[in-house]
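In what follows, a single structure is set out as structure tokens and then discussed.
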Amino acid sequence: MQITLLNFTPLNICSHAIRTCWQSFDKGDNGGEKDIELIDRVGNKFKHASTLEHLYYNFYIQGISRALLQELARHRIASLSVKSTRYTLKELKKEAEFKVGDFENAARYIVLTGNALVDNASIKALENLREILAATTTSLDIVKYCLPECYKTELTWSVNARSLQNFLSLRSSKSALWEIKNLANKIYETLPQEHKFIFEKCVANGES
């Protein structure tokens, strides 16, 4: 799994939005300590979290399973642009046989759990998929129905700070799916250092 932060909104946009309510622009310091304190006080402590929606983060997420993608899609206040299976399945058609026990080779296409029984079953499913692709001219729209849940995909994910707080609180929990918990932690690690104060309690609550 690889997470890349593509872009993010400067903090002064959020503090400007907050100061719009009271017309207190003269008290701002362009995203400095005063504005950071204001964002923390209003957005976090006073729970006026709608002000945090002015902050946006754009991530490129690679190497996650389709199972994780389903979980991610449940967070509705976000935008997802996902790698098209329809157009990219043909890359698998060129591969040689996937053999049970060859986890290193299979890991190029599937997310492994560390459970040999499950991972070998996934390799068998991957090989079945490869054989179908190699032996038929059936439309990829039909072939993709036999994709295993562990098949890797990638996406560009855009989310505002309020929704990201919710995501991190839920998905860093011990009860979360292990893969999406890893994603949540990696996303937090990828955030700009100066923005982490907005989210640190979300992750801490999830890990407690």
**Study point:** Every pair of residues 6+ apart whose Cβ atoms lie under 6 Å, when the first sits in the stretch 1-23 and is free of Cβ contacts under 8 Å to residues at least 40 places away in the same chain and outside any strand (DSSP E or B) while the second is of a type in the set (A, V, I, L, M, F, W, C) and open to solvent by 30 Å² or more (accessible area, probe 1.4 Å)
**Key:** Arg19/Phe25
Check your understanding: Of all residues in the stretch 59-74, which are within 10 Å of the chain's Cα centre (by Cα) and at pLDDT below 95?
Key -> Glu71, Leu72, Ala73
Practice item. Show the residue pairs that are 6+ apart or on different chains and have beta-carbon atoms under 8 Å apart, the first residue being within the stretch 64-89 and in a loop (DSSP other than H, G, I, E, B) and open to solvent by less than 70 Å² (accessible area, probe 1.4 Å), the second being at pLDDT below 95 and among the small types (Gly, Ala, Ser). Key: none
Point to revise | Scope the stretch 160-188; condition over 17 Å from Arg74 (Cα atoms), touching a helix residue (DSSP H, G or I) at 6+ places or on another chain (Cβ under 9 Å) and open to solvent by 70 Å² or more (accessible area, probe 1.4 Å); matching residues | key: Lys174
Review point. Are there any pairs, at least 6 apart or on different chains, whose C-beta atoms fall under 6 Å, with the first in the stretch 129-141 and open to solvent by less than 60 Å² (accessible area, probe 1.4 Å) and the second at pLDDT 90 or above, and if so, which?
Key: Leu129/Cys146
Check your understanding: Among all residue pairs at least 6 apart or on different chains, which show Cβ distances below 9 Å where the first residue, located in the stretch 94-111, is under 15 Å from Asn128 (Cα atoms) and the second is in a loop (DSSP other than H, G, I, E, B) and among the charged types (D, E, K, R)?
Key -> Glu95/Arg108; Ala106/Lys99; Tyr109/Glu95
Revision key, fill the gap. Checked the stretch 119-177 for anything farther than 19 Å from Leu89 by Cα, assigned to a helix (DSSP H, G or I) and among the aromatic types (Phe, Trp, Tyr); matches are Phe167
Revision key, fill the gap. Every listed condition ((1) modelled with pLDDT under 95; (2) of a type outside the set (S, T, N, Q); (3) open to solvent by 70 Å² or more (accessible area, probe 1.4 Å)) holds for Glu104 save (1)
**Study point:** Which listed residue, of Asp40, Asp35, Asp29, is acidic (Asp, Glu), in a loop (DSSP other than H, G, I, E, B) and surrounded by 13 or more Cβ atoms within 10 Å (Cβ to Cβ)
**Key:** Asp29
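The values are calculated or read from the model by the stated rules, or taken from the named source; none is laboratory data. The model shown is predicted, which means the values in this text are computed figures rather than measured ones. Reconstructed Cβ throughout: ideal geometry from the backbone, glycine too, with neighbour counts over all protein chains shown. Areas reflect the complete protein model, heavy atoms only, side chains present, ligands, DNA and RNA absent. Shrake-Rupley method; radii C 1.70, N 1.55, O 1.52, S 1.80 Å.
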